[in-house]
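Every number in this text was worked out from the coordinates using simple rules, so none of it is lab data. Predicted, not measured: the structure shown is a model, and the values here were computed from it. Here the Cβ is made from the backbone with ideal geometry for all residues, glycine too, and neighbour counts use every protein chain on show.
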Amino acid sequence: MNTITTLQSFVHAHPLPLLLSVGMLTILGFFFGKTMRFIRLPSIIGFMIIGVILGPSLVNVLDETAQGHLSFITEICLGFVAFSIGLELHVKTIKQQGTGIILIILFESFLAFAAVAAGLYFLTGNLPLALIFGAIAPASAPAGTVAIIQEYKAKGKLTNALYAVVGFDDGLGIIIFGFASAIAKSLLARENGGAVEGIWQLISPPLVEIGLSFAAGICIAFLFNLLSRRIRGNRDLFILTFGLILITSGLSIVFHLSLILTNMVVGLVFVNTMPRSIVKKIGDKVTDFMPLLFILFFILAGANLHIASLPALGMIGIVYIAARSFGLIIGSKLGAVLGRSEPNIRKYLGLGILSQAGVAIGLSLIVKQEFSMLGEAGNTIAAAVITTVTGTCIFFEIIGPILTKVGLEKAGEISRT
């Protein structure tokens, strides 16, 4: 313990330049990720372990200030992840999956919401709190799933289904959150004897966010199409792609759009409107570049995982983990059965969608900001949500990628290594 304290003091007395920090993180993450193969775990688990060690939980090299300086890496990575998901959503592929993929997205999202809300209402008797936790449950972390798919070069119908589900369920999750938080606010306002806002006032922001994200993505995609038709070289196409993903992500942040949805729509429109040769050139270059982003992204994700918050989870955290896992796995299975999807999709898709991080933490911060102004009951909800979601994300970010790998192996879409 004294050694760690001494190291923390030294680091804070001699802060490293940003470029030196990024370089060291890249090398450390790369080699530690390689060691994970000896114990048959995905590389990203190694990246996150490095992040936990260097983060506030232990050495505190990556403290909140350092994480703030490096937050642009997270945004760039999510932009590339979302764009790469869009590139996999060819209309022909989606049509082959039929209505099954739509039913899977609907069932896994709504059953996760219902299971968590019911479980926590039974535990606490607090309906607004149960609704908020239920609304956060459907949000997934596509980066973990995509990282596993790319690391093991997975191919097949389950892989295609995973791309579609983790791409679209965040959008549906944001809409569910908008409706549920509106009802929860209304219930709290009635309890406090305050004025109750109209339902449209409460639910319109998430609907507008989704709509504008789609509109912006379509517009940027057509600009992308126009510019890329005039370029031939693979390197030049990648430079154009890199610039436009950064522009899309930056505009999403400025105008409070969904960074993931907007970039995904760019990729989706692009893959369905451009010649296959150009799409393949861009897809190959993006796939080659993303492992570097994944190293830095998951190290920063690990630094955000405050291990000290785990003991504070209690029964709310245990019920949330169990009910969310049940809702996502059983919901995806029901949707796949009703949609007559492939057997492998029915059996294993639920294992690949458990990861949860950025979007869920973002929603919990919204709860903290908006509900803390609604009296003592609102403060109680805000505190419970931010503590529990932060803690449970540690569990889901570790177990999610591992189960994704297991599911893809069992489906025969990656080799057992």
Estimated FRET transfer efficiency when R0 is 30 angstrom, pair Leu123-Ala189 (beta carbons, to 0.05): 0.80
Protection proxy ranking, peptides 80-86, 331-337, average beta carbon neighbours within 10 Å, highest first: 80-86, 331-337
Gyration tensor verdict on the chain (Cα atoms; rounded if a/c is under 1.5, prolate if a/b is larger than b/c, oblate otherwise): rounded
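Quick check on the exposure proxy: order Thr392, Thr159 from fewest to most C-beta atoms within 10 angstrom.
On the way: Thr392 24, Thr159 21.
Least crowded to most crowded, the residues run Thr159, Thr392.
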Rounded FRET efficiency, nearest 0.05, which uses the C-beta distance separating Phe30 from Lys92 and R0 of 30 Å: 0.25
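What's the magnitude of the charge dipole for the chain around its Cα centre, counting Lys and Arg as +1 and Asp and Glu as -1 at the beta-carbon? Answer in Debye, nearest 20. Before the final figure, lay out each step's value.
Working: 27 positive and 20 negative charges, 339 e Å.
For the chain, the charge dipole is close to 1620 debye.
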Ranked Ser43, Ser57, Ser277, criterion: other C-beta atoms within 10 Å, fewest first: Ser277, Ser57, Ser43
Amide H contacts of Ser140 (H built 1.01 Å from N, under 5 Å, at least 5 apart or other chain): Asp170
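In deg cm²/dmol and to the nearest 500, what is the mean residue ellipticity at 222 nm of the chain if only DSSP H runs of at least 4 residues count, each as -39500 (n - 2.57), divided by the residue total? Could the numbers behind the result be given before it?
On the way: 18 runs with 330 residues, N = 417.
When only DSSP H runs of four or more count, the value is -27000 deg cm²/dmol.
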Table column - 3J(HN,Hα) (Hz), segment 50-65, Karplus curve with 6.51, -1.76, 1.60, x for Gly and Pro: 4, x, 4, 5, 7, x, x, 5, 10, 6, 6, 5, 8, 7, 4, 5
Gyration tensor verdict on segment 370-414 (Cα atoms; rounded if a/c is under 1.5, prolate if a/b is larger than b/c, oblate otherwise): prolate
Cβ-based exposure ranking for Leu54, Leu20, Leu106, Leu162, in which fewest neighbours within 10 Å come first: Leu20, Leu106, Leu54, Leu162
Under Karplus coefficients 6.51, -1.76 and 1.60, residue-wise ³J(HN,Hα) of segment 137-154 in Hz, glycine/proline x: 4, x, 4, 10, 10, x, 4, x, 5, 5, 4, 5, 4, 6, 4, 9, 6, 5
Karplus-derived 3J(HN,Hα), 6.51/-1.76/1.60, for each residue of segment 268-283, Hz, glycine and proline x: 4, 5, 4, 5, 9, 10, 10, x, 4, 5, 5, 4, 5, 4, 5, x
